[in-house]
Amino acid sequence: MENKNEMKALVFDIQSFSTHDGPGIRSNIFFKGCPLTCLWCANPEGQKAVPQLFYTKMKCVGCMLCAKVCPHDAVTAYETKEEAEAFGFVRHDREKCDKCETHDCVEMCLQNALDITGKWMTVDDIMEKVHRDASYYAGKGGITLSGGDPLVYADFVTELLRRCKSEGINTVLESELCVPARSLEKVMPYIDLYLTDIKIIDDQKHIEMTGVTNKQILENLRLIGRTCPEKACLRCPIIPGCTDSDENIHAIGKFCKENGFSRVNILPYHKLGTTKHERLGSVYPLPDVQAPSDEQMQHVADILESYKIDCIIN
Ligand code: SF4
Ligand code: SF4
């Protein structure tokens with residue numbers, strides 16, 4: 001393990017005063033980098049473990065100052081009015097931008113149309129922020145590690161969590177668990193609550209929708225089930241046509257029952273990732289999928305409750 005003081009992780013957001021992801025008032029720290037590429041991802045900027053260029057087309061006036069300073073010739077102007085209306089005045093070669101280390105264009109843009117998402121931080125950097133927020137935790141709140149996936153930086157988050165626990169700060173981990181078991185085992189002594197997705201039990205379908213096999217994820221969930229199921233609240237995103245089949249929900253109910261999980265939150269699909277995809281220069285993969293109705297959500301809840309699972313519709 002590298003020197004604990006020198007370790008860095010890429011963070012794309014720290015939200016203070018969050019009340020959604022764990023008890024009380026919390027600081028949510030979003031790590032950049034995720035083994036999965038879920039089609040419905042609400043935080044696509046959390047997927048790649050590199051700083052990335054965010055482009056806000058509404059602010060861009062097409063002055064091309066950014067193109068003049070770009071050392072990699074990554075910026076070109078759209079040629080037609082239709083393209084400019086759809087995508088903004090400029091197109092970025094994202095492969096070049098993702099490798100760029102200087103981001104000269106950002107300072108040059110007088111319209112604030114350009115921004116970098118992702119900042120390398122040390123444990124001390126994050127603890128400084130946590131200490132600033134700590135008076136609002138009031139004993140109950142604390143930190144929630146989210147992403148992307150915090151366990152991409154297993155040694156880093158182990159140290160961060162260890163320090164929080166040594167100061168009596170409550171800890172929540174939101175992770176996809178698509179990491180070697182030894183990465184999960186490192187953080188387990190320091191976790192108060194796991195908020196972990198369970199999406200699709202059929203492996204082939206899981207690969208189609210998320211880009212990865214679910215074998216390691218289910219293994220890690222079994223590990224939590226064997227050791228501390230009471231600390232886990234599983235989350236199932238209900239994405240019509242992807243996760244919502246009766247077959248999948250029954251399989252999730254059966255898996256939870258077999259592994260001692262008694263709480264599942266079901267989360268209705270939303271399209272919050274659309275604008276972020278646009279700012280990253282990528283296309284939202286599920287433009288035509290609609291949010292499930294209240295009746296569809298209740299139907300899913302009824303199936304899970306038939307397995308004696310305490311199911312909450314978020
Ligand atoms: S991104 Fe900024 S600098 Fe580049 S063309 Fe648009 S307004 Fe000009
Ligand atoms: S991020 Fe780097 S490569 Fe991309 S446009 Fe800006 S300066 Fe050029």
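The values are calculated or read from the model by the stated rules, or taken from the named source; none is laboratory data. Values in this document were obtained by computation on a predicted structure and should not be read as measured data. Positions of Cβ are generated from backbone atoms using ideal geometry, with glycine treated the same way; all protein chains shown enter the neighbour counts. Note: accessible area is taken over every heavy atom of the protein model, side chains too, but ligands, DNA and RNA are not part of it. Shrake-Rupley method; radii C 1.70, N 1.55, O 1.52, S 1.80 Å.
If I stretch the segment between Ala181 and Thr37 completely, what's the gain in nm (0.36 nm per residue apart, minus their alpha carbon distance), one decimal?
49.8 nm
Taking the full set of protein chains and a 1.4 angstrom probe, give the accessible area of Val283 in square angstrom, rounded to the nearest 10.
120 Å²
Take Val106 and Ala251, extend 7 Å from each Cα along the Cα→Cβ direction, and tell me the distance between the two endpoints in nm.
4.1 nm
Run the 1.4 Å probe and let me know the accessible area of Asp310, rounded to the nearest 10 Å².
That residue has around 90 Å² of solvent-accessible surface.
For region 96-193, what is the accessible area per residue in Å², given a 1.4 Å probe and the full set of protein chains?
Values: 4410 Å² over 98 residues.
That works out to 45 Å² per residue.
Which residue fluctuates the most in the chain, going by a Gaussian network model with Cα springs under 10 Å, if the choices are Glu85, Glu174, Glu159?
The residue that fluctuates most here is Glu85.
Could the peptides 131-137, 78-84 be put in order, highest first, of the mean number of other beta-carbon atoms found within 10 Å of their residues? Don't jump to the answer; show the numbers that get you there.
Values: 131-137: 14.4, 78-84: 11.4.
Listed from highest to lowest mean packing, they are 131-137, 78-84.
Let's test the formula: R0 of 25 Å, r as the Cβ-Cβ distance of Asp288 and Thr19. What FRET efficiency results, to the nearest 0.05? Don't jump to the answer; show the numbers that get you there.
Numbers: r = 32 Å, r/R0 = 1.29.
After rounding to 0.05, the efficiency reads 0.20.
Compute the distance from the alpha-carbon center of region 68-125 to that of region 151-192, in whole Å.
If we compute the Cα centre of each part, the gap is 33 Å.
Would you calculate, for the chain, the mean residue ellipticity at 222 nm contributed by helices, counting each DSSP H stretch of 4 or more residues as -39,500 (n - 2.57) and dividing by all residues, to the nearest 500?
Values: 12 runs with 108 residues, N = 314.
Here the helix-only value at 222 nm equals -9500 deg cm²/dmol.
Run through the DSSP bridge list for the chain and note the antiparallel percent, rounded to the nearest 5. Present the calculation step by step, with values, prior to reporting the outcome.
Working: 16 of 43 bridges.
Taking every DSSP beta bridge with both residues in the chain, the antiparallel ones total about 35 percent.
Note down the accessible area of Leu110, probe 1.4 Å, to the nearest 10 Å².
Approximately 130 Å² of Leu110 is accessible to the 1.4 Å probe.
Where a ≥ b ≥ c are the square roots of the eigenvalues of the C-alpha gyration tensor, would you call region 225-314 rounded, which needs a/c under 1.5, or, failing that, prolate if a/b is larger than b/c, or oblate? Walk me through the numbers before you get to the answer.
Values: a/c = 2.65, a/b = 1.77, b/c = 1.50.
Prolate.
Tell me which of Val289, Pro237, Val300 sits at the most positive position along the dipole axis of region 216-304, charges placed on C-beta atoms (Lys, Arg +1; Asp, Glu -1).
Pro237
Which of rounded, prolate or oblate describes the chain when judged by the alpha-carbon gyration tensor and an a/c cut-off of 1.5?
Values: a/c = 2.09, a/b = 1.35, b/c = 1.56.
The shape class here is oblate.
Assign one of three labels to region 101-175, namely rounded, prolate or oblate, based on the Cα gyration tensor with a ≥ b ≥ c the square roots of its eigenvalues; rounded applies when a/c is under 1.5, prolate when it is not and a/b is larger than b/c, and oblate otherwise.
Because a/c hits 1.5 or more and a/b exceeds b/c, region 101-175 counts as prolate.
If R₀ is 45 angstrom, what is the calculated FRET efficiency for the pair Asp73 and Ser306, using the beta carbon separation as r and rounding to 0.05? Before the final figure, lay out each step's value.
Values: r = 59 Å, r/R0 = 1.32.
Efficiency at R0 = 45 Å is approximately 0.15.
Determine the order of Thr122, Thr274, Thr227, Thr144 by accessible area, beginning with the largest, at a probe radius of 1.4 Å. Intermediate values should be presented prior to the final figure.
On the way: Thr122 20, Thr274 50, Thr227 85, Thr144 0 Å².
Output order, biggest surface exposure first: Thr227, Thr274, Thr122, Thr144.
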